[in-house]
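Written below as structure tokens is the structure these notes are about.
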Amino acid sequence: MAETILELKDMRVRFSTLDGAVDAVKGVGLHVKAGETVAIVGESGSGKSQLMMATMGLLASNGQAAGVASYRGTNLVGLPKAELNTIRGRKITMIFQEPMTSLDPLYTIGDQLMEPIMHHQKLGAGAARSRAIEMLKLVHIPEAGRRMGSYPYEMSGGQRQRVMIAMALANDPDLLIADEPTTALDVTIQAEILELMAGLQQRLGMGMVFITHDLNIVKRIAHRVYVMRYGEVVEEGETAALFAHPRHPYTRALLEAEPTGRKAPPPATAPRILDGTGVTVSFKIGGGFLSGPPIVLKAVDRVSVSLRQGQTIGVVGESGSGKSTLARALLRLLPSEGAIRFDGRDIARLDKEAMRPLRKELQIVLQDPFGSLSPRMTAGQIVTEGLLVHEPSISRRDRDLRAARAFEEVQLDPLLRNRYPHEFSGGQRQRIAIARAIILKPKVVVLDEPTSALDRQVQKQIIELLRDLQSANNLSYLFISHDLAVVRAMADHIMVMKNGVVVEQGSPDDVMDHPQDPYTQRLMKAAFVNTANG
Amino acid sequence: MLRYILKRFLTAVPTLFVIVTISFFLMRVAPGGPFNQEKGLNPVIKANLERVYHLDQPLWKQYLLYLWNLLHGDFGPSYNLPDFTVAELFAQGLPVSMQLGGSALVLALLIGGCLGIIAALYQNHTADYAVIATATAGSTIPTFVIAPLFQLFFALTLKWFPVGGWGDGAFINKVGPVLTLMLPQLAVVARLMRGSMIESLRSHHIRTARALGLSDYAIIIRHALRGALLPIISYGGPAAAALVTGSIIVETIFSIPGVGRYFVEAALNRDYTLVMGTVVVIAIFTILFNLIVDVLYAVVDPRVRYD
């Protein structure tokens, strides 16, 4: 039996806020054995991150930890900083969700890698440098020696997360705490990082705490699982047993929140509503005074789309593949080349004025439910703003009535319409964004990652809402997502994009179960290897 | 980088040209002239004077002449201080103003910067409140109040420092003016530094540094401070340009023979050449310090490296 390296007993975290004390963690106990991977699962706000931040002494200044976090007999809670710093970074390390910002932008990755090595192992610069290069090779960074001189901004998100892992492992820790380390990454990168972490964990024999909201990852990587909700552990157990026989209703709800169902394609007689032929969007980079000619970058390269009434086309691909750009070009929100026909009319060359009456029929819902609603308008004003443009004649009273009806349609309490966006949760905000689109009775709605920022359970509700709205109003959706499980549940036709071109398209079953293109194969393997009860 | 600096110097030439042109004509739009005095000058003398200074020529000819002379480094004679050329006035006054302004700037950056860092580290504690109070006082009490108060207490009552005068640049004469110039700048720097340091300390890479068990020194100085310096640098450029070209209030109150008073006095007296000279000097300093800001930016932040 492996020895226990970390044991938390009755851990509590309290934040003092302007609204009084908030208990984020309410008496949690857990333990990690050497060489074991333990997952902490829960939705945002469950306290799973704060629990580990408290263990590491990384709480924000208004946070207070209590309880016992014992690392091989030393209680980390309340330990003087000098002593704590002989353990953290040396014996226990932590990596975080935000690979883009977790490295210092002002120093080379070589400097940043060498710093903790020199600090903890008291090595000279030369020895630290060779250790750093060794670590970069371990996390599969190509040309490790040359990359030592790179700055974080010169690297992709996946590479930065690899560097973070290298930094965390450079001092041979006993325990690695990983807080949603792959959430911000594309699926294929996510799979690579998970594989890397699992491999390193076995090779180096360290314990690992993996904080995540993604059950697929838990299934794939963890030996044991703790399920957290409202600052408490509601269930714990061996991964296989817990997934097979969840006891707590919340665990069951989490497991059932996986998107399910299939969408039937529209009848063959359904008219084509939005048609793009050879759509190309190019951007110019650089150029100007004394700088030479600009570089032309084709974000979307001769893509053709045909969306029929009642149809949902799922557009999948990694960030930078051009999927959002394509959708914006089809809505004439970006200048493009190629033909675009909407409802039998060529709209590719229409000017702003001529486009305006069509705008109400071509709507868009964006990913970020926090950034896409004006914080200074009430939810009702936000939802009815489009009516001011498209139906200026209706009275204020009627507009308010329409807002109330739209709120009902997206299953929000109409009484909430006088509140401001910050008073709503992420899921509610996304409902407001959807209400803002459908109040204009559109024919086509572009859904640009509408569920990506939401927890699985909320995601499921939004998907059901979108489906209901579609069948009630015979809407056509262009559904952009990197989440293949969601796309499979929503779309009846799938387009896979990479570097601005469509590499494969077809019915969800064909594309997902029998991918032809090597890139699609990689994408599907990365995403679905998890769901195959692995 | 060198290429970038060269490019910036080249673009400074048209900028200066535009500034000179606009100022030249704006100055002439203002009613009156250098020899319109209350008593009224003998018309013959006035005409003679205007002929000597080419003021009788058409405006465009005067403009071209001014440009031509400027290209040869000749700022012309001062109309109201006829014993001196504009260049001589600046040669005497500018070093004085630059010494005072430069010292005030360096002290404001050092002391204000340190106060800001301390306030950020002890956010919402006594030290923080003390710094905020000092900064608020420093930026709300005007120079024309601070300077006489200094004279009253430290010069007249305690007799530690002279009330005014340059004293050929004796250290003791500089204390009052430098302190007075420094205080408002120090207040701004401390506030800026506190804000940007707090933001910097909250960033994700600081959390990473903590998780890696680095020392407080490494976290605060190496990682947090460097990023927090950027707003200070942006502020420092224009502030430096303003400080080294002198302050009319401080130089008048402490009787300092700097260049700060020239701009206002010359403008009131329609001393065209002296106004133009001041404009050119201020413009050159502004362009120069903005260039220094951009270079420092690139030094601190690798993402801003040019070309």
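We did not get these values from a lab; they are worked out from the coordinates using the rules stated. The structure presented is a predicted model; accordingly, all values stated were derived computationally and were not measured. Quick reminder, even Gly has a Cβ in these numbers, built from the backbone with ideal geometry, and neighbours come from all protein chains shown.
Would you kindly give the portion of the calculated P(r) for segment A:380-448 that falls above 21 Å, as a percent of all Cα pairs?
Values: 452 of 2346 pairs.
The proportion of pairs with Cα distances above 21 Å equals 19 percent.
With a Förster radius of 25 Å applied to the C-beta separation of A:Ala125 and A:Glu154, the computed FRET efficiency comes to 0.65.
Think of the protein assembly as shown as having a plus end and a minus end, set by charges on the Cβ of Lys, Arg, Asp and Glu; of A:Ser425, B:His223, A:Thr4, A:Ser425 sits farthest toward the positive end of this dipole. Evaluated at q = 0.11, 0.21, 0.23, 0.26 Å⁻¹, a Debye calculation over the C-alpha positions of segment A:79-161 (equal weights, vacuum) places log10 I(q)/I(0) at -0.31, -1.07, -1.22, -1.37. Going from the residue with the fewest nearby Cβ atoms within 10 Å to the one with the most, A:Ser102, A:Ser44 rank A:Ser44, A:Ser102. P(r) for the protein assembly as shown: what percent of alpha-carbon pairs falls in each 10 Å bin, starting at zero? So the P(r) values, bin by bin, are 2, 10, 15, 18, 17, 15, 11, 7, 3, 1, 0, 0. Computed over segment B:63-143, relative contact order equals 12 percent, with contacts defined as Cα pairs under 8 Å that lie 6+ residues apart. Under Stokes-Einstein, with the Kirkwood radius over Cα pairs as Rh, the value for segment A:176-288 at 37 °C and 0.692 mPa s is 180 µm²/s.
Between A:Ser16 and A:Arg252, the modelled label-to-label distance comes to 4.3 nm, taking each label 7 Å out from Cα in the direction of the beta carbon. I want to make sure I understand the PRE zone here: with the label point 7 angstrom from the Cα of B:Val299 toward its beta carbon, which residues in segment B:1-22 have backbone N atoms less than 18 Å away? Under 18 Å, as judged by backbone N against the label point of B:Val299, lie B:1-6, B:8-9 of segment B:1-22.
According to the Kirkwood relation over distinct C-alpha pairs, the hydrodynamic radius of segment A:42-122 is 14.5 Å. Per residue, the average separation of C-alpha pairs within less than 8 Å and at least 6 apart gives segment A:327-452 a relative contact order of 36 percent. Give me the percent of Cα-Cα pairs in segment A:345-391 that sit more than 13 Å apart, rounded to a whole number. Within segment A:345-391, distances greater than 13 Å cover 67 percent of Cα pairs.
Counting Cβ atoms of other protein chains within 10 Å of each Cβ in B:213-222 and taking the mean gives 4. In segment A:301-433, the convex hull through the Cα atoms has an average projected area of 9.7 nm², a quarter of its surface area.
Applied to segment A:256-273, the Karplus parametrisation 6.51 cos²θ - 1.76 cosθ + 1.60 on θ = phi - 60° returns per-residue 3J(HN,Hα) values of 7, 6, 4, x, 10, x, 9, 9, 6, x, x, x, 4, 7, 4, x, 6, 10 Hz, with x for Gly and Pro. Averaged over the residues of peptide B:196-208, the number of Cβ atoms from other protein chains lying within 10 Å of each residue's Cβ is 4. Rounded to the nearest 20 debye, the dipole size of segment A:247-337 about its Cα centre is 180 debye, using +1 on the Cβ of Lys and Arg and -1 on the Cβ of Asp and Glu.
Note on chain B: GNM, Cα springs under 10 Å; of B:Ser215, B:Ser203, B:Ser103, the largest mean-square fluctuation is that of B:Ser215. Listed by Cβ neighbour count within 10 Å, with the fewest neighbours leading, B:Trp166, B:Trp68 appear as B:Trp68, B:Trp166. Among B:Met27, B:Met193, B:Met182, the residue with the largest mean-square fluctuation in a Gaussian network model of chain B, with springs joining Cα atoms closer than 10 Å, is B:Met27.
When you restrict to C-alpha pairs under 8 Å that are six or more residues apart and normalise by the size of segment A:15-127, the relative contact order lands at 16 percent.
Taking a straight Cα-Cα cut-off under 29 Å and skipping sequence neighbours fewer than 8 places away in the same chain, the lysines within cross-link reach of B:Lys7 are A:Lys284. Ranking of B:Thr136, A:Thr312 by neighbouring Cβ atoms within 10 Å, starting from the fewest: B:Thr136, A:Thr312.
Binning the C-alpha pair distances of chain B at 10 Å intervals from 0 yields a P(r) profile of 6, 21, 25, 23, 15, 7, 2, 1, 0 %, listed from the shortest bin outward. Straight-distance candidates among the aspartates and glutamates for linking to B:Lys174, with alpha-carbon spacing under 17 Å and chain neighbours fewer than 8 residues away dropped: B:Glu251.
Here's the list of lysines a cross-link from A:Lys91 could span, going by alpha-carbon distance under 18 Å and ignoring same-chain residues fewer than 8 apart: A:Lys33, A:Lys81, A:Lys122.
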